[in-house]
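Q: Sharing a structure here in structure tokens format.
The values are calculated or read from the model by the stated rules, or taken from the named source; none is laboratory data. These numbers were taken from a predicted model, which means no experiment stands behind them. Ideal geometry is used to build each Cβ from the backbone, glycine not excepted, and the neighbour counts take in all protein chains shown.
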Amino acid sequence: MNRCFVSALLCAVGMNAVTVADVPAHFQQRAKVLLADSIALEPCEHQVNVIYFVGSDREPVADYERRLSELLLYLQQYYGREMARNGQGNRSFGLTIKENGEVNIMLIKGKKVHTHYAYGSGHNACLEEVNRYFDEHPELRTSQHSFVIMPTHYDEQYNDLNPGGVPFYGLGTNCFALDYAHFDIKHLGQNTKEGRLLTKWYGGFAHELGHGLNLPHNDGTASQNAALGTPLMEAGNYTFGFKPTYMTLASCRILANSEIFAPVGSTIKFYSNNQEPTISSASFSRAGEDTLVLKLELSPEVVNVNAYVQDPPFIVNRDYDAVAFACDMGKAANGNTTAEVNIPLAELAELKNVKGGEMALDILMQTNEGSRFRWRVPFDLNNAPADSSIDMGKPVIWRGY
Ligand code: ZN
């Protein structure tokens, strides 16, 4: 308990407005410049567990604490600015900050050699050991979200200029990324081998962290992409730091209702309710030729609804281009939640695989304790003439993201 209190305090300290003088003196000059105009972020109740995991035969890459702290603090600012731009306040993911200004990165040495924790399935053995670590040190666990970073393998295939070999993906509230010698913010945006490599792996780091913080893939609308660039949760992992990369309102709404963004004092027991929401009424129609209209009335615990329009196939990891729309949320007289959104067909221009008019509408419902539920409604635009309603079928709802 004490530790949580201390962590919250540390987090609050780390989240005050940062000036050049506040950036730790031992950070490198580029980090000082990049962090100099940091926005003041609201203090968080919970922090991401940041873990550096190495096999029993490996050591961390040199200077990992400073390098990763600089990268994490800059990323925290990026998320904070995108939340603010999307009207969600100066809020970002909580990090535990040490007295020297670095992020508290927990070093866990695996019981087996590094090849035991390789890309593909090595995350299982890793997470088992991480969970055991937290069972033994419950005071160090600051939330249900863990961000695990492993050093690249060094073998005939992988090295510091071609890092890899370790898990690199998001799985529920856990996500995995990697570290290598040139993983250093000084290369950000540089048109050099190290700079292009940094965009790939730092963009990936930012994107995987998004998954670990509850975010699904999504694309922006055609007009948002024209104005703002590439969404982080689309292909932003290939543009971050090099070309304009943004977060959609739909992504930021999910974060705003997630554990790691909860403000200090929050008593919400996140992800504790397995009860799926009730849908009192739902309508989906084509208004005129050019617009789809979704209207829902849902049980009161639903606080956020996003609508994603996707082209086939409707499967995991083929959803990068699902165009995201955040619904207008309201309350009905009976206390139920209402959600409504207009989807202009012109905004779906980037859906590339529409065959005929076949699409799916994914309705993501988020409850007041952060859980996400989905209802997928396949439909065919060719069978939806102007000013007609679209058959939504019987709701089949599943938990997940
Ligand atoms: Zn992804």
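Q: Counting just the residues of the range 141-188 that are charged (D, E, K, R) and surrounded by fewer than 18 Cβ atoms within 10 Å (Cβ to Cβ), which one comes out farthest from HIS26 (Cα to Cα)?
A: Narrowing the range 141-188 to residues charged (D, E, K, R): 141, 155-156, 160, 179, 184, 186.
When the remaining residues are screened for being surrounded by fewer than 18 Cβ atoms within 10 Å (Cβ to Cβ), the result is 155-156, 160, 186.
Numbers: ASP155: 32, GLU156: 35, ASP160: 24, LYS186: 14 Å.
The extreme case among them is GLU156.
Q: Another one. For residues that are surrounded by fewer than 20 Cβ atoms within 10 Å (Cβ to Cβ) and in contact (Cβ under 8 Å) with a residue 24 or more places away in the chain, tally how many sit in the range 239-248. Let's see the steps before the verdict.
A: We begin by selecting, within the range 239-248, every residue surrounded by fewer than 20 Cβ atoms within 10 Å (Cβ to Cβ); these are 239, 242-244.
Imposing the further condition that a residue be in contact (Cβ under 8 Å) with a residue 24 or more places away in the chain reduces the set to 239, 242.
Count: 2.
Q: Continuing with the same structure: It is to be established whether one or more residues within the range 253-262 are part of a strand (DSSP E or B) and within 16 Å of the ligand (Cβ to nearest atom).
A: Looking only at the range 253-262, we keep the residues that are part of a strand (DSSP E or B), and these are none.
Looking through the range 253-262, none of the residues is part of a strand (DSSP E or B) and within 16 Å of the ligand (Cβ to nearest atom).
Q: Something else about it: Count, please, the residues in the range 339-368 that happen to be out of contact with any strand residue (DSSP E or B) (no Cβ under 9 Å at 6 or more places or on another chain) and of a type in the set (Ser, Thr, Tyr).
A: Adding up the residues that qualify gives 0.
Q: For the range 371-401, which residues satisfy the criterion of being charged (D, E, K, R) and part of a loop (DSSP other than H, G, I, E, B)?
A: Start the filter on the range 371-401 by keeping residues that are charged (D, E, K, R), which leaves 372, 374, 376, 380, 387, 391, 394, 399.
Result: ASP387, ASP391, LYS394.
Q: Would you tally the residues in the range 46-57 being over 18 Å from the mean Cα position of the chain (by Cα), crowded, with 19+ Cβ neighbours inside 10 Å and part of a loop (DSSP other than H, G, I, E, B)? Spell out the reasoning first.
A: Initially, the range 46-57 is screened for residues over 18 Å from the mean Cα position of the chain (by Cα), giving 52-57.
Checking the rest, the ones that are also crowded, with 19+ Cβ neighbours inside 10 Å come to 52-55.
Remaining after also requiring part of a loop (DSSP other than H, G, I, E, B): 55.
Count: 1.
Q: If you go through the range 189-238 one residue at a time, how many are surrounded by fewer than 20 Cβ atoms within 10 Å (Cβ to Cβ), aliphatic (A, V, I, L, M) and more than 12 Å from the ligand (Cβ to nearest atom)?
A: Step one: list which residues in the range 189-238 are surrounded by fewer than 20 Cβ atoms within 10 Å (Cβ to Cβ), which gives 189-197, 200, 204, 222-224, 226-229, 235, 238.
From what's left, aliphatic (A, V, I, L, M): 197, 222, 226-228, 235.
Subsequent filtering for residues that are more than 12 Å from the ligand (Cβ to nearest atom) retains 197, 222, 226-228.
Going through the range 189-238 one residue at a time, the tally reaches 5.
Q: Let me ask something additional. For the range 117-165, how many residues meet the condition of being farther than 13 Å from VAL48 by Cα, of a type in the set (A, V, I, L, M, F, W, C) and part of a helix (DSSP H, G or I)?
A: Here the count works out to 5.
Q: If you don't mind, another one. Assess whether HIS137 counts as being buried (at least 21 other Cβ atoms within 10 Å of the Cβ) and not charged (D, E, K, R). Explain how you work it out, then say what you get.
A: Details: buried (at least 21 other Cβ atoms within 10 Å of the Cβ): no; not charged (D, E, K, R): yes.
When the stated conditions are applied, HIS137 does not pass them.
Q: Does at least one position in the range 136-144 carry a residue that is under 22 Å from the mean Cα position of the chain (by Cα) and within 21 Å of TRP201 (Cβ to Cβ)?
A: If we filter the range 136-144 for residues that are under 22 Å from the mean Cα position of the chain (by Cα), which is where we start, we get 141-144.
Those still in the list that are within 21 Å of TRP201 (Cβ to Cβ) too: none.
No: zero hits.
Q: Here's a follow-up. Which numbered condition trips up PHE270, out of (1) more than 16 Å from the ligand (Cβ to nearest atom); (2) of a type outside the set (Gly, Ala, Ser); (3) assigned to a helix (DSSP H, G or I)?
A: If we test PHE270 against (1) more than 16 Å from the ligand (Cβ to nearest atom); (2) of a type outside the set (Gly, Ala, Ser); (3) assigned to a helix (DSSP H, G or I), just (3) comes out false.
Q: If you don't mind, another one. Among the numbered criteria (1) within 16 Å of the ligand (Cβ to nearest atom); (2) hydroxyl-bearing (Ser, Thr, Tyr); (3) touching a strand residue (DSSP E or B) at 6+ places or on another chain (Cβ under 6 Å), which single criterion is violated by SER285?
A: All conditions pass for SER285, except number (1).
Q: Same structure again: Scan the range 166-205 residue by residue and report those that are touching a strand residue (DSSP E or B) at 6+ places or on another chain (Cβ under 8 Å) and either of a type in the set (Val, Ile, Thr) or not in a strand (DSSP E or B) (or both).
A: Taking the range 166-205 first, the residues touching a strand residue (DSSP E or B) at 6+ places or on another chain (Cβ under 8 Å) are 166-170, 173-180, 201, 203-205.
Result: VAL166, PRO167, PHE168, TYR169, THR173, TYR180, TRP201, GLY203, GLY204, PHE205.
Q: Kindly list, by first and then second residue, each pair from a residue in the range 155-178 that is within 14 Å of the ligand (Cβ to nearest atom) to a residue that is among the small types (Gly, Ala, Ser), limited to pairs with Cβ atoms under 7 Å and residues at least 6 apart or on different chains.
A: Listed pairs, sorted by first residue: PRO167/GLY122; PHE168/ALA177; PHE168/GLY204; GLY170/GLY212; ASN174/SER146; ASN174/GLY212; CYS175/GLY212; ALA177/GLY204.
Q: Give the residue, chosen from PHE242, PHE134, that is away from the ligand (no atom under 15 Å from the Cβ), more than 28 Å from ASP321 (Cα to Cα) and out of contact with any Pro (no Cβ under 8 Å at 6 or more places or on another chain).
A: Numbers: PHE242 fails: more than 28 Å from ASP321 (Cα to Cα).
Result: PHE134 is the single residue among PHE242, PHE134 that is away from the ligand (no atom under 15 Å from the Cβ), more than 28 Å from ASP321 (Cα to Cα) and out of contact with any Pro (no Cβ under 8 Å at 6 or more places or on another chain).
Q: If you don't mind, there's one more thing I want to ask. Just one of the numbered conditions (1) at pLDDT 95 or above; (2) within 16 Å of the ligand (Cβ to nearest atom); (3) surrounded by fewer than 18 Cβ atoms within 10 Å (Cβ to Cβ); (4) not charged (D, E, K, R) is not true of ALA324; which one?
A: (3)
Q: Consider the range 305-321. How many of its residues are more than 16 Å from the ligand (Cβ to nearest atom) and either hydroxyl-bearing (Ser, Thr, Tyr) or closer than 10 Å to ILE343 by Cβ (or both)? Outline the logic, then answer.
A: The initial filter retains those residues of the range 305-321 that are more than 16 Å from the ligand (Cβ to nearest atom), namely 305-307, 309, 311-314.
From what's left, either hydroxyl-bearing (Ser, Thr, Tyr) or closer than 10 Å to ILE343 by Cβ (or both): 307, 309.
Number satisfying all stated conditions: 2.
Q: Testing ALA307 on (1) part of a loop (DSSP other than H, G, I, E, B); (2) in contact with a Leu (Cβ under 6 Å, 6 or more places away or on another chain), one condition comes back false. Which one is that?
A: It is condition (1) that ALA307 fails.
Q: Answer yes if at least one residue in the range 217-238 is among the hydroxyl-bearing types (Ser, Thr, Tyr), in contact with a Phe, Trp or Tyr (Cβ under 9 Å, 6 or more places away or on another chain), more than 25 Å from ASN131 (Cα to Cα) and assigned to a helix (DSSP H, G or I), and no otherwise.
A: To start, the set of residues in the range 217-238 that are among the hydroxyl-bearing types (Ser, Thr, Tyr) comprises 221, 223, 230, 238.
With the extra rule that they be in contact with a Phe, Trp or Tyr (Cβ under 9 Å, 6 or more places away or on another chain), the set shrinks to 221, 230.
Keeping just the survivors that are more than 25 Å from ASN131 (Cα to Cα) gives 221, 230.
Retained after the next criterion (residues that are assigned to a helix (DSSP H, G or I)): none.
No, every residue in the range 217-238 fails to be among the hydroxyl-bearing types (Ser, Thr, Tyr), in contact with a Phe, Trp or Tyr (Cβ under 9 Å, 6 or more places away or on another chain), more than 25 Å from ASN131 (Cα to Cα) and assigned to a helix (DSSP H, G or I).
Q: To continue, here is another question. Please state which one of HIS153, HIS137 is more than 30 Å from GLU369 (Cβ to Cβ) and in contact with a strand residue (DSSP E or B) (Cβ under 9 Å, 6 or more places away or on another chain).
A: Numbers: HIS137 fails: more than 30 Å from GLU369 (Cβ to Cβ).
Criteria check complete, one pass: HIS153.
Q: Please work out which residue is farthest from VAL396 (Cα to Cα), limiting yourself to the range 268-292 and to residues that are hydrophobic (A, V, I, L, M, F, W, C) and over 27 Å from the mean Cα position of the chain (by Cα).
A: From the range 268-292, those hydrophobic (A, V, I, L, M, F, W, C) are 268, 270, 279, 282, 284, 287, 292; that's our starting set.
Imposing the further condition that a residue be over 27 Å from the mean Cα position of the chain (by Cα) reduces the set to 282, 284, 287, 292.
Working: ALA282: 13, PHE284: 16, ALA287: 25, LEU292: 21 Å.
Across the range 268-292, the extreme among qualifying residues is ALA287.
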